[in-house]
1. Going by Cα centres, region 117-142 and region 1-56 are how many Å apart?
2. Probe radius 1.4 Å, ligands and nucleic acids ignored: give me the carbon and sulfur share of the accessible area of the chain as a rounded percent.
3. Measuring from a point 7 Å past the Cα of ALA90 along Cα-to-C-beta, which residues in region 98-132 have an amide N at less than 11 Å?
4. State the label only: which of [x] 16.5; [y] 17.0; [z] 20.3 corresponds to Kirkwood radius over Cα pairs in Å computed from the shown model?
5. Which peptide among 67-79, 150-162, 84-96 comes first, and what is the full order, when sorted by highest mean count of other Cβ atoms within 10 Å?
6. Normalised by the number of residues in region 56-99, what is the relative contact order in percent for Cα pairs under 8 Å and 6+ residues apart?
7. Keeping all protein chains in position, work out how much accessible area ARG167 exposes to a 1.4 Å probe, and write it in Å² to the nearest 10.
8. Find the relative contact order for the chain and round it to a whole percent, using C-alpha pairs within less than 8 Å whose residues are 6+ positions apart.
Amino acid sequence: MRSSRAERVRAFPPILGARPRILVLGSLPGLASLQAGEYYAHPRNQFWPIMAALCGFAPEAPYAARTAALRAAGVCVWDVLAEAARPGSADADIDAATARAHDVRGLLVRQRSISLLAFNGAAAQRHFARLVLPALPGQRRSDIRFVTLPSTSPAHATLGPAGKLRRWRAALGGVLPQRARPP
């Protein structure tokens, strides 16, 4: 049983451009992200270095510039969960009984341009499978390729930064526009 002291965590709105091709779904923002009000704000999280390498921007650029670069490359970022009780930042500590999903189904139905859904770690995939996938129309399911990638979180250190980049590049590289692909 989870501690009653777990704080209720509320996620952010999506980073969403006009015609996204890729939807990257995390599970729920960690403490560093919540404090900064920015996706993937922990200094050792590999999300921004990986996306910078794939989309051609500086990972240390201001947050607004990084999110603009993602929108321009057709990458949407969101979390499966809109809110849940969780002490700390670990995905394993999310209280599934309190988890409420974002309207990812609605986003996928409205944004027909999304052809790849990339889960940033296995926890995001599990929450999606439980809370979103059952309501996703069958035709839309068949229009989207689903891939679970290694989490960019520093808590998931079994694969180093170079290995994570290789796996993310293999999955996303073919969907990114030519100008956003690395040389």
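The values are calculated or read from the model by the stated rules, or taken from the named source; none is laboratory data. Nothing here was measured: the structure is a model prediction, and the numbers come from that model. Positions of Cβ are generated from backbone atoms using ideal geometry, with glycine treated the same way; all protein chains shown enter the neighbour counts. Just so you know, the surface numbers come from the protein's heavy atoms only, side chains and all, with ligands and any DNA or RNA stripped out. Shrake-Rupley method; radii C 1.70, N 1.55, O 1.52, S 1.80 Å.
1. Cα centres, region 117-142 to region 1-56: 17 Å.
2. That share works out to 54 percent.
3. Flagged as within label range: none.
4. Derived directly from the coordinates: [x].
5. My ranking of the peptides, most packed first, is 67-79, 84-96, 150-162.
6. Relative contact order of region 56-99: 25 percent.
7. 120
8. Value for the chain: 30 percent.
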